[in-house]
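Notes for the one structure printed next.
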Amino acid sequence: EGQSMDALFGWAGREMDICAKVAERFPKNYYAWTHRAYIARTVYDMSSRDRNMGFHNQEKACSFLSAELSFAEKWLRNHVSDHSAAHYGSEVLRLLLMYKVGMVCSGD
């Protein structure tokens, strides 16, 4: 289980790097932001599926989503008319809030 979570976070990090490069090269790229949202949802789904995955992995998932929210905020400061990025930021915020509520509700 630990190896699969490490592989998930490794994959997600590589994919996010690619999405950032595509968005920089082609501003307001709907497909880059949609793929980025898919990755964030996959991390959320995989990490919230099993609440017994260990505190370290739960913290890693929360840190991942928090970093993505920060990335979106920074991006939007420099690209104020990028509606795809704004939608992505709202999606990541929703996932992060659901994850944190789930951690509290499950007694973690």
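The values are calculated or read from the model by the stated rules, or taken from the named source; none is laboratory data. The shown structure was predicted, so the numbers you read here are calculated from the model rather than taken from an experiment. As a convention, Cβ positions derive from the backbone with ideal geometry for all residues, glycine included, and neighbour counts pool all protein chains shown. These accessible areas exclude ligands, DNA and RNA; they are computed on the full protein's heavy atoms, side chains included. Shrake-Rupley method; radii C 1.70, N 1.55, O 1.52, S 1.80 Å.
General remarks:
Residues are listed down the side, and each one gets a yes or a no for (1) open to solvent by 30 Å² or more (accessible area, probe 1.4 Å); (2) touching a Phe, Trp or Tyr at 6+ places or on another chain (Cβ under 8 Å); (3) at pLDDT 95 or above:
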{"residue": "Glu73", "(1), (2), (3)": "yes, no, yes"}
{"residue": "Val80", "(1), (2), (3)": "yes, no, no"}
{"residue": "Ala85", "(1), (2), (3)": "no, yes, yes"}
{"residue": "Ser90", "(1), (2), (3)": "yes, no, yes"}
{"residue": "Leu93", "(1), (2), (3)": "yes, no, yes"}
{"residue": "Leu96", "(1), (2), (3)": "no, no, no"}
{"residue": "Cys105", "(1), (2), (3)": "yes, no, no"}
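- Within region 62-71, being open to solvent by less than 60 Å² (accessible area, probe 1.4 Å) and polar (S, T, N, Q) holds for Ser66, Ser70.
- Residue check, Leu95 part of a helix (DSSP H, G or I) and either closer than 29 Å to Gln3 by Cβ or in contact with a His (Cβ under 7 Å, 6 or more places away or on another chain) (or both): yes
- Test: Met53 is open to solvent by less than 50 Å² (accessible area, probe 1.4 Å), assigned to a loop (DSSP other than H, G, I, E, B), at pLDDT below 95 and over 14 Å from Leu96 (Cβ atoms): yes
- When Ile18, Ile39 are checked against the criterion of being surrounded by 13 or more Cβ atoms within 10 Å (Cβ to Cβ) and without any contact (Cβ under 8 Å) to a residue 12 or more places away in the chain, Ile18 stands alone in meeting it.
- Tabulated pairs, region 66-95, first more than 22 Å from Gly13 (Cβ to Cβ) and without any contact (Cβ under 8 Å) to a residue 12 or more places away in the chain, second surrounded by 15 or more Cβ atoms within 10 Å (Cβ to Cβ) and among the charged types (D, E, K, R), C-beta under 8 angstrom, 6+ apart or interchain: none
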